[in-house]
Amino acid sequence: MLKITPYLGILVIIVCVGGIWYPMLGYLVPLVFAAIMITSPFRGRWFCGNLCPRGSFNDFWVSRISMGRRIPSILRSMWIRVPIFLGLMGFMLFRLVQTRGLVELVGTVFVTMCILTTAISLLFGVIISPRAWCSFCPLGTVGRWLGRGKYQLQVDREKCVDCGVCKKVCPMHLEVNEILDKPDCIKCQRCVEACPREALHF
Ligand code: SF4
Ligand code: SF4
Ligand code: SF4
C-alpha cells in the first residue's frame, strides 16, 4: 500500500524556489492535476492522502509550526470552494492565454500558481491546521466532484465504541465514525490504523 512520505513535500520547495530559475519545473503542477483526474473517478480523493506533494508538505512540515485548531466547516462549504475554484482557475487560464503557448512562459505561470497556492496553504496551515488548505483546494474540490462515493471508509457499528480516537487523528477533521458519505476523506488510513477496535476499513 502506498503511503505519503515527508520526502514528497520537498517537491513543493523545489518547484516554488527552483522554478524561479528553471520554469520547466512548473510542469509538475499539471501532472498533479492529471493524476487527480485519473485517480478520483475510482478512488475519490485518494491522491490527496497518499501522493500529493503539498499534502505531504502540509502533513510533515507545516504541522511542526501549526497552531492545530479545528478546521472550520465553512472552509469545506461550496460557498467558499466554488469562488476559490473559479478565481484561481480563471486567473491561471488568463495568464496561460497571455503566454501564447511559449513553453517556458507556460512553466512560469504554473510556478506562479504553485507559489501563490503554497503561500495560502502555509498561512492557513499555520493559523488553523496543516490540512486546512486541503478543505478548499481547487484540485481537491475536483477530486471530490469526480470521486464522490468511491472507495468509502466502512464503519463496523458492532465493534465501534464511539471512543473518538479516529476523529482526533483525522487530518481533515471529519466525523469519521458518524457519517458514511465523506466526500472529503483523503483515504490516508490514519483512522483505520488508530482505531483500537479495528472497526474501520476500506
Ligand atoms: S487538496 Fe490539493 S493540496 Fe491538498 S492534497 Fe489534495 S491536491 Fe494536494
Ligand atoms: S476509533 Fe474505532 S472504536 Fe473509536 S470511535 Fe472511531 S471507529 Fe469507533
Ligand atoms: S476519515 Fe480516515 S482515511 Fe479519511 S481522511 Fe480522515 S483519517 Fe484519513
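Using the Karplus curve 6.51 cos²θ - 1.76 cosθ + 1.60 with θ = phi - 60°, what ³J(HN,Hα) values do you get for each residue of segment 162-175, in whole Hz, with x for Gly and Pro?
Couplings: 6, 6, x, 4, 4, 5, 5, 8, 5, x, 9, 6, 9, 7 Hz.
Straight distance only, please: which lysines reach the Cα of residue 150 with their own Cα at less than 20 Å, same-chain residues fewer than 8 apart left out?
Reachable lysines: 3, 182, 187.
Using θ = phi - 60° and the Karplus curve 6.51 cos²θ - 1.76 cosθ + 1.60, what whole-Hz ³J(HN,Hα) does each residue of segment 122-129 get, with Gly and Pro shown as x?
So the Karplus estimates, Gly and Pro as x, are 5, 4, 5, x, 6, 7, 10, 8 Hz.
Return 173, 201 ranked ascending by Cβ neighbour count within 10 Å, so the fewest neighbours appear first. Intermediate results must be reported in sequence, preceding the final value.
Details: 173 21, 201 11.
Listed from fewest to most nearby Cβ atoms, that is 201, 173.
What's the local net charge at residue 10, with K and R +1, D and E -1, over the other residues with C-beta under 15 Å away? Don't jump to the answer; show the numbers that get you there.
On the way: positive: 54, 64; negative: 59.
Combined, the nearby Lys, Arg, Asp and Glu give +1.
Along the charge dipole of the chain, which of 85, 65, 122 sits closest to the positive end, that is, farthest toward it, with unit charges on the beta carbon of Lys, Arg, Asp and Glu (+1, +1, -1, -1)?
85
What Kirkwood radius, in Å to one decimal, follows from the Cα pairs of segment 6-147?
Numbers: mean 1/r = 0.0651 Å⁻¹.
After inverting the mean inverse Cα-Cα distance, the result is 15.4 Å.
Under 4.7 Å Cβ to Cβ, no partner at all: give me those cysteines from the chain, in residue order.
16, 48, 52, 114, 134, 137, 160, 163, 170, 185, 188, 195
Quick one: 3J(HN,Hα) in Hz for segment 14-22, Karplus 6.51/-1.76/1.60 with θ = phi - 60°, rounded, Gly and Pro as x.
4, 5, 5, 8, x, x, 5, 9, 10
Ranking request for peptides 100-110, 51-61: highest mean number of other beta-carbon atoms within 10 Å first, then the rest in descending order.
On the way: 100-110: 15.3, 51-61: 23.4.
Those peptides, ordered most packed to least, come out 51-61, 100-110.
When you count, for each residue, the other Cβ atoms within 10 Å and take the mean per peptide, how do 177-188, 38-49 rank with the highest first?
Details: 177-188: 18.2, 38-49: 21.4.
Highest mean packing first, the order is 38-49, 177-188.
Among 195, 134, which comes first, second and so on when ranked by fewest other beta-carbon atoms within 10 Å? Can you show the working numbers first?
Details: 195 22, 134 30.
Going from least to most buried by this count: 195, 134.
Taken together, the values in this text are just the output of simple stated rules run on the coordinates, not laboratory data. Quick caveat: nothing in here was measured; it's all calculated off a predicted structure. Note that each Cβ is placed from the backbone with ideal geometry, even for glycine, and that neighbours are counted across all protein chains shown.
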